[in-house]
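K.L.:
Please read through the structure below; I'll follow up with questions.
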Amino acid sequence: MRKLIIAGNWKMYRTINEAIDLANGLKRELFKLDFAYVDVVLCPVFTALSEVAEVLNETDIGLGAQDVYWLDEGAFTGEVSAAMLKDAGCQYVIIGHSERRQFFGETNETVNKKIKASLKHGLIPIICVGENLQEREANNTFKVIEDQIKGSLTEISGEDLLKTVIAYEPVWAIGTGKTATSDQAQEAHKYIRDLLRKMYGEEAAQSIRIQYGGSVKPENIAQLIGKPDVDGALVGGASLKADSFSAIVTRASEVRK
Ligand code: 13P
């Protein structure tokens, strides 16, 4: 059975002090959680990473960044490298989030470079894919996902694939309150797993974890996690409060036990 992974993507919210408070709140709420069933990851803004790392020190809660640049260092104003994220205490990094694709020109090619750089430095990439509403309505969902998966994973070996996590986030479900039904999520997750089976074989397909993201809340997590190919969640809005994020994590681990 694949271990669940639930990550909170804090996006561009929370100052350093607010982030410390939120991380402390979660530490308290998740004190009794059995981490044998679920990996939990927090992804604050860059400026709060070191402080949140300190709060999470000696807990089972992991830390991730929301983006990375693919070179180690250099004259690249505004960018942060994988080595620097490691230095700040990260174990994970979100790559190719739809907001980065939509607003900052992220492409499958840059996602691919970022995945390679992250793996080189021992960071676990959380690789985001997902169609927008127009693409879904034009029946292009699978084609879009296939292009994103194949483009993002160019020259990534089967061994390296197992050091990554995939996040399926339909763009139309992000921040809209309009969650994909658990059947819609399962259909896309199964498609991704079948595609990875064709690319990397049965063992890799069975081992890789695929998270769902898009308006995940305490009320819908159990249904999503109940589906055979949904291995966790990438949570936006509901990860910004300790009570709702801990409720999501706790419910997911109860379903999986
Ligand atoms: P919401 O949970 O706010 O819809 O955001 C999802 C998301 O984009 C997580 O990366």
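The values are calculated or read from the model by the stated rules, or taken from the named source; none is laboratory data. None of the values given here were measured: they were computed from a predicted structure. With ideal geometry, Cβ positions are generated from the backbone for all residues, glycine too; neighbour counts draw on all protein chains shown. Ligands, DNA and RNA are excluded from the accessible area calculation, which covers all protein heavy atoms including side chains. Shrake-Rupley method; radii C 1.70, N 1.55, O 1.52, S 1.80 Å.
K.L.:
Could you please state how large a percent of the accessible area of region 5-81 is carbon and sulfur, counting protein chains only and using a 1.4 Å probe? Could you put the intermediate results ahead of the total?
P.N.:
On the way: 1960 of 4030 Å².
Heavy-atom surface of region 5-81 belonging to carbon and sulfur, 1.4 Å probe: 49 percent.
K.L.:
Rounded to the nearest percent, how much of the accessible area of region 112-181 (1.4 Å probe, protein heavy atoms only) is carbon and sulfur? Intermediate values should be presented prior to the final figure.
P.N.:
Values: 1510 of 3010 Å².
That share works out to 50 percent.
K.L.:
Leaving out ligands and nucleic acids, note down the accessible area per residue over the chain with a 1.4 angstrom probe, in whole Å².
P.N.:
Details: 11740 Å² over 257 residues.
Roughly 46 Å² per residue, with all protein chains present.
K.L.:
With charges only on Cβ, +1 for K and R and -1 for D and E, what is the dipole size of the chain about its Cα centre, in debye, rounded to 20?
P.N.:
Numbers: 30 positive and 36 negative charges, 91 e Å.
So the dipole magnitude of the chain works out to roughly 440 debye.
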